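Only one structure is covered here, and it is reproduced in the block below.
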Amino acid sequence: MEIPSKYSPSEIEDKWYSYWIEKGFFHSTPDHRTPYTVVIPPPNVTGVLHMGHMMNNTIQDLLVRRARMRGFNACWVPGTDHASIATEAKVVARLKEQGIKKTDLTREEFLKHAWDWTHEHGGIILEQLKKLGASCDWQRTKFTMDDDMNQGVTDVFVDLYRKGLIYRGYRMVNWDPEALTTVSDEEVVYVEQQGKLYYLRYMVEGTSDYVIVATTRPETIFGDTAMCINPADERYSHLHGKRVIVPIVGRSIPVIEDDYVDIEFGTGCLKVTPAHDVNDKMLGEKHHLDVIDIFNDDASLNANGMHYAGMDRFVVRKKIEKELAEKGLLEKVENYTNKVGTSERTKAVIEPKVSLQWFLKMEDLATDALKAVMEDEIRFVPEKFKNTYRYWMENVHDWSISRQLWWGHRIPAYYYGTSINDFVVAHTKEEALTLAQEKTGNKNLSIDSITQDPDALDTWFSSWLWPMSVFDGVRHPDNDEIKYYYPTNDLVTAPDIIFFWVARMIMAGYHYRGVRPFKNVYFTGTVRDKLGRKMSKSLGNSPDPIKLMEQYGADSVRLGMLLTAPAGNDFPFDTDLCKQGANFCNKIWNAFRLVQGFSISDTESVSPAAQKAGDWFDQRLIEAVEEIDHLYDEFRLSEALMATYKLVWDDYCSWYLEAIKPPYGQSIARQTYSRAISHFEILLRLLHPIMPFITEELWHAIRERKDSEALVVSSWPSWDKKADEKTIKSFAYTAELIASIRGIRAEKGLSPKEQLSVMTHSKNAMVIDEIAEKLANISPVEKVNEKPSGAVSFMVQTDEYFIPLSGMIDSEAEIERLKKDLEYTQGFLASVRKKLSNERFVSSAPAQVVEIERKKEADALSKIATIEETIKSLS
């Protein structure tokens with residue numbers, strides 16, 4: 001099939017994606033083959049594609065497509081996450097625009113709005129992934145709020161509760177006053193902020209003396225229930241057994257003693273607010289202090305805040321500074337820089353708060369999960385993230401799993417009384433009634449007298465089951481699919497959710513199935529702009545991936561991103577990378593057009609150059625595929641792609657096609673044409689996981705194919721033999737010779753059409769004469785004993801070559817040019833020798849660095865000798 005003169009991605013991408021879907025090439029069912037399983041990190045259901053998604057899913061698609069071609073039963077499961085906090089926030093915002101408050105609605109009414117929002121905006125990102133070429137098994141698409149997934153979450157909660165791993169209790173939690181819910185420790189981001197340090201005066205009860213306490217949060221004095229000093233601090237020995245008065249509040253509180261207080265820090269006196277600081281809570285429990293909660297859920301002060309009740313905490317902070325000063329209770333104020341905990345999702349400043357919540361014990365779950373990664377049963381790529389993982393796992397805290405939200409998996413706990421322990425945990429309300437009747441001994445309890453916990457579970461509580469639940473392995477742990485597809489193979493994700501998601505999936509996998517959930521975890525880097533800034537909507541520096549694909553084509557964007565994205569390292573993205581990808585697409589397209597445009601002769605014999613070039617490229621493919629496979633196995637994806645890129649651009653297009661191309665107006669032997677097409681097909685197979693659309697188009701342009709012969713399901717190139725080293729080295733030598741001759745032509749202003757004579761002393765030169773003669777336009781290389789007069793010399797590896805130039809150049813001008821070159825090289829040699837004569841450099845620099853300098857010295861000496869010899873011959 002003749003192809004158009006220009007490659008137009010918009011005309012082929014939809015065509016081939018529809019074809020792949022229609023023929024079911026992405027769908028997987030258990031069979032006799034070895035499975036290769038990948039589960040997508042589920043994006044937010046209402047999210048849209050951004051550059052991070054592009055990177056992550058392009059890598060996944062690369063791995064899946066290659067595995068499919070290698071004969072594995074590839075299964076890539078797509079899906080979306082319900083994203084409790086984010087989705088509920090969007091629904092609440094839309095309701096607000098309509099003049100509706102969440103509190104005005106029943107739970108069922110609010111959830112209807114949430115489902116409407118989800119159906120309206122959900123799934124957009126999955127459709128966008130199709131534009132990228134993602135070869136997901138779309139028939140398996142899952143949503144974390146699907147009925148079966150929801151039931152699986154309930155089953156796990158009930159199971160862990162009955163095992164004693166889930167409990168309910170009052171704990172200090174991280175409260176997000178904007179989302180109006182708790183968040184886990186891992187969802188708190190500490191941000192450096194400029195604040196103030198307020199030095200407050202606490203009057204000693206019954207005296208005119210006062211004690212100074214420093215705090216960054218003066219508004220919390222309304223919750224103070226003690227002052228603490230170190231018993232070894234002699235400065236405050238007079239306070240033993242005394243009481244002090246809380247400023248403004250007027251409340252008398254005891255002075256307690258505890259060596260927790262750092263004598264050297266601040267004033268050595270600590271105000272204790274058990275309700276709003278985790279360390280103060282610890283002191284409060286130890287010394288049996290009162291707990292006074294001063295905040296409403298929105299971080300405004302409650303009635304305990306006296307005349308500040310109803311005001312926001314930050315408003316109170318400004319006002320109370322003024323009141324304290326007016327009353328003579330403010331010693332001084334200093335500027336102060338500290339790290340403040342903020343909500344990862346809403347960016348609101350977190351408020352520590354004692355709250356009745358549900359928790360999951362993590363210590364025992366973490367044991368096997370830590371061991372698996374540290375002993376490489378699960379491989380992290382790059383390995384540097386093992387340290388991050390170890391730190392989290394060795395310092396793991398119980399997981400706060402309840403959220404004060406309606407959108408999400410509802411906690412399956414049911415209450416039948418007013419006491420803190422008047423509850424049961426059950427799969428259904430009917431089961432809960434039976435359990436409540438048994439627990440209370442009251443058979444008169446009715447279904448209407450029990451109520452389900454209103455809170456939802458943390459979003460990650462469903463996500464940590466994802467590799468199992470997508471195959472229904474939670475509800476039915478022995479079903480055929482979970483036994484076939486699990487454990488999965490590779491997980492591609494971002495390092496910022498290493499504990500949120502990766503660690504918890506590993507814990508769940510070992511707890512419920514006794515095996516790792518995946519074999520390898522590939523951590524992507526952060527996509528940044530060319531200034532090194534993280535891409536974000538607020539900075540306006542993040543291009544729209546869909547528009548990029550519309551402008552350059554999906555293949556171009558895929559290649560551009562992958563070429564500069566080493567595992568685990570951030571990389572600067574520039575649209576020039578997409579242009580590079582587009583140029584490569586054009587190169588492939590035009591290479592095929594060139595071959596397709598050859599005039600083919602059935603009577604013409606294969607030219608010597610074409611025969612040698614074909615023999616070399618056979619071996620080059622074997623060598624390159626071995627290298628590329630190794631790089632893929634090591635997850636050095638960017639390097640694998642670059643090796644493929646160079647194989648196509650340099651080896652096939654620049655050398656092979658030039659070597660077989662017939663002279664203008666002449667034909668090419670059919671055997672040469674067929675061999676070139678065969679080689680091109682191998683290249684298309686290597687390129688397909690990277691650039692699926694253009695390769696499928698060209699694959700079918702070569703000849704008509706059956707559905708079973710489509711490139712997407714073709715085999716990955718492989719050989720049972722090693723490449724012939726002699727052939728590889730001979731061609732590399734010949735290519736260096738040709739490049740040198742071309743360089744001399746350019747340097748001397750010699751026409752490429754003018755045939756040159758080339759001579760050498762070497763008796764063992766590895767030159768492939770047929771290729772050198774054609775591509776360098778030289779006569780057969782002559783063996784000589786002495787350098788011809790008037791010849792320019794050059795080196796190819798360790799062999800010296802000569803090109804007689806008598807009568808072809810201006811000798812005087814050439815001698816002048818060579819003298820300048822000689823002067824420069826001698827200066828370079830002097831600088832190298834100066835460095836090598838420095839004993840400190842030679843003794844302290846790495847041996848490899850010193851060796852490089854010695855090689856520079858040797859090369860400079862060789863070049864000087866060659867220049868001097870050439871000047872002599874031209875004189």
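The values are calculated or read from the model by the stated rules, or taken from the named source; none is laboratory data. Just so you know, these numbers come straight off a predicted model, no measurement behind them. Glycine gets a Cβ as well: all are built from the backbone with ideal geometry, and neighbour counts include every protein chain shown. For the accessible areas, the whole protein counts, side chains as well, though only heavy atoms, and no ligand, DNA or RNA atoms are used. Shrake-Rupley method; radii C 1.70, N 1.55, O 1.52, S 1.80 Å.
Details
- Selection of the range 354-389 for residues being over 21 Å from the mean Cα position of the chain (by Cα), of a type outside the set (Asp, Glu) and in a loop (DSSP other than H, G, I, E, B) yields Lys361, Met362.
- Within the range 603-622, the set of residues being closer than 17 Å to Ala732 by Cβ and open to solvent by less than 70 Å² (accessible area, probe 1.4 Å) comprises Ala609, Ala613, Gly614, Asp615, Trp616, Phe617, Asp618, Gln619, Arg620, Leu621, Ile622.
- Elements of type helices (runs of 4 or more DSSP H) in the range 612-727, at least 2 residues being among the hydroxyl-bearing types (Ser, Thr, Tyr): 637-646, 670-687
- Exactly one residue out of Tyr198, Tyr190 is in contact with a helix residue (DSSP H, G or I) (Cβ under 6 Å, 6 or more places away or on another chain) and either assigned to a strand (DSSP E or B) or open to solvent by 60 Å² or more (accessible area, probe 1.4 Å) (or both), and it is Tyr198.
- Of all residues making up the range 756-790, the number that are assigned to a loop (DSSP other than H, G, I, E, B) and among the hydrophobic types (A, V, I, L, M, F, W, C): 8
- Selection of first residues in the range 279-296 that are more than 12 Å from Val354 (Cβ to Cβ) and among the polar types (S, T, N, Q) and of second residues that are outside any helix (DSSP H, G or I) and open to solvent by less than 50 Å² (accessible area, probe 1.4 Å), restricted to Cβ pairs under 8 Å at least 6 apart or on distinct chains, gives the following pairs, ordered by first then second residue: Asn296/Asn302.
- Qualifying residue in the range 812-831 (condition: β-branched (Val, Ile, Thr), open to solvent by less than 90 Å² (accessible area, probe 1.4 Å) and farther than 26 Å from Thr760 by Cβ): no
- Answer from Ser718, Ser740, Ser757, Ser708 - the residue that is farther than 23 Å from Ala613 by Cα and polar (S, T, N, Q): Ser708
- Boolean, Val796 is surrounded by 13 or more Cβ atoms within 10 Å (Cβ to Cβ) and free of Cβ contacts under 8 Å to residues at least 40 places away in the same chain: no
- When Pro566 is tested against (1) in a loop (DSSP other than H, G, I, E, B); (2) farther than 30 Å from Glu375 by Cα; (3) open to solvent by 30 Å² or more (accessible area, probe 1.4 Å), only condition (2) is not met.
The rows are residues; the columns are (1) within 19 Å of Asp146 (Cβ to Cβ); (2) touching a Lys or Arg at 6+ places or on another chain (Cβ under 8 Å).
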| residue | (1), (2) |
| --- | --- |
| Ala456 | yes, yes |
| Pro467 | yes, no |
| Tyr486 | yes, yes |
| Asn489 | no, yes |
| Pro495 | no, no |
| Phe499 | no, no |
| Met505 | yes, no |
| Ala508 | yes, no |
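- Candidates His287, His276, filtered to the one that is surrounded by 15 or more Cβ atoms within 10 Å (Cβ to Cβ), closer than 26 Å to Asp176 by Cβ and not hydrophobic (A, V, I, L, M, F, W, C): His276
- Close pairs from the range 661-672: first open to solvent by less than 40 Å² (accessible area, probe 1.4 Å), partner in a helix (DSSP H, G or I), Cβ under 6 Å, at least 6 apart: Thr672/Ala610; Thr672/Ile660
- Candidates in the range 91-103 are the residues that are within 17 Å of Gln404 (Cβ to Cβ) and charged (D, E, K, R); of these, the one that is least open to solvent (accessible area, probe 1.4 Å) is Lys102.
- Of all residues making up the range 430-459, the number that are under 39 Å from the mean Cα position of the chain (by Cα) and either open to solvent by 50 Å² or more (accessible area, probe 1.4 Å) or more than 28 Å from Thr182 (Cα to Cα) (or both): 1
- Every residue from the range 648-688 that is touching a Phe, Trp or Tyr at 6+ places or on another chain (Cβ under 6 Å), over 25 Å from Ala554 (Cβ atoms) and among the hydrophobic types (A, V, I, L, M, F, W, C): Ile668
- When the residues of the range 586-602 are filtered to those that are open to solvent by less than 50 Å² (accessible area, probe 1.4 Å) and either in a loop (DSSP other than H, G, I, E, B) or touching a helix residue (DSSP H, G or I) at 6+ places or on another chain (Cβ under 6 Å) (or both), the one that is farthest from Leu687 (Cα to Cα) is Phe598.
- Any hit, the range 43-60, residues being modelled with pLDDT of 95 or more, open to solvent by less than 20 Å² (accessible area, probe 1.4 Å) and part of a strand (DSSP E or B): no
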